[in-house]
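To keep things clear, I will list the structure first and then write my remarks on it.
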Amino acid sequence: MPLRKNEIGKLYYRIGEVANMFGVNTSLIRFYENEFDIIKPHRNKKGNRLFTQADVDNFHVIFSLIKEKGYTLDGAKQHLKKQNKIPDNQEVVRTLLRVKRFLLEIRSDL
């Protein structure tokens, strides 16, 4: 039986990697960083932004509110202040995607 691969993510993502994840320009990532307080990237000695997985998760929430649900920037800010955490449905979707990948791996091994 083959060893199961552990899903290990990166500690930090560069701004270009985050922009590619969402299919947007880096300028939009910078704009959302300035607009939303929940995104706090670390900076290296050169001043480059380094985003954690929590920042990427927060971007997922912001993009779903603005792009999918049609919130304005102010509306999304107010919604995030009321919730103060990642919505539960986002967590459920991520978990289901992990389970799906795992099941597809099992099926391909059979």
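Close Cβ contacts (under 8 Å, 6 or more residues apart or on different chains) running from residues in segment 5-22 that are under 24 Å from E105 (Cβ atoms) to residues that are of a type in the set (A, V, I, L, M, F, W, C) and at pLDDT below 95 comprise M21/V56; M21/F59. Per the conditions (1) over 15 Å from the mean Cα position of the chain (by Cα); (2) part of a helix (DSSP H, G or I); (3) loosely packed, with under 11 Cβ neighbours inside 10 Å, the sole criterion not satisfied by F102 is (3). Taking D74 as the residue in question, decide whether it is at pLDDT below 90 and either surrounded by 10 or more Cβ atoms within 10 Å (Cβ to Cβ) or not polar (S, T, N, Q) (or both). Criteria not met by D74. Within segment 77-99, restricting attention to residues that are in contact with a helix residue (DSSP H, G or I) (Cβ under 8 Å, 6 or more places away or on another chain) and at pLDDT 85 or above, the residue that is surrounded by the most Cβ atoms within 10 Å (Cβ to Cβ) is K77. Looking only at segment 44-60, residues that are without any contact (Cβ under 8 Å) to a residue 12 or more places away in the chain and either closer than 17 Å to A19 by Cβ or assigned to a helix (DSSP H, G or I) (or both) come to 1 in all. Of all the numbered requirements in (1) modelled with pLDDT under 90; (2) surrounded by 15 or more Cβ atoms within 10 Å (Cβ to Cβ), R49 misses one, and that requirement is (1).
The values are calculated or read from the model by the stated rules, or taken from the named source; none is laboratory data. This one's a predicted model, so the numbers in the text were calculated from it and none came from an experiment. Heads up, the Cβs are rebuilt from the backbone with ideal geometry, glycines too, and the neighbour counts pull from every protein chain shown.
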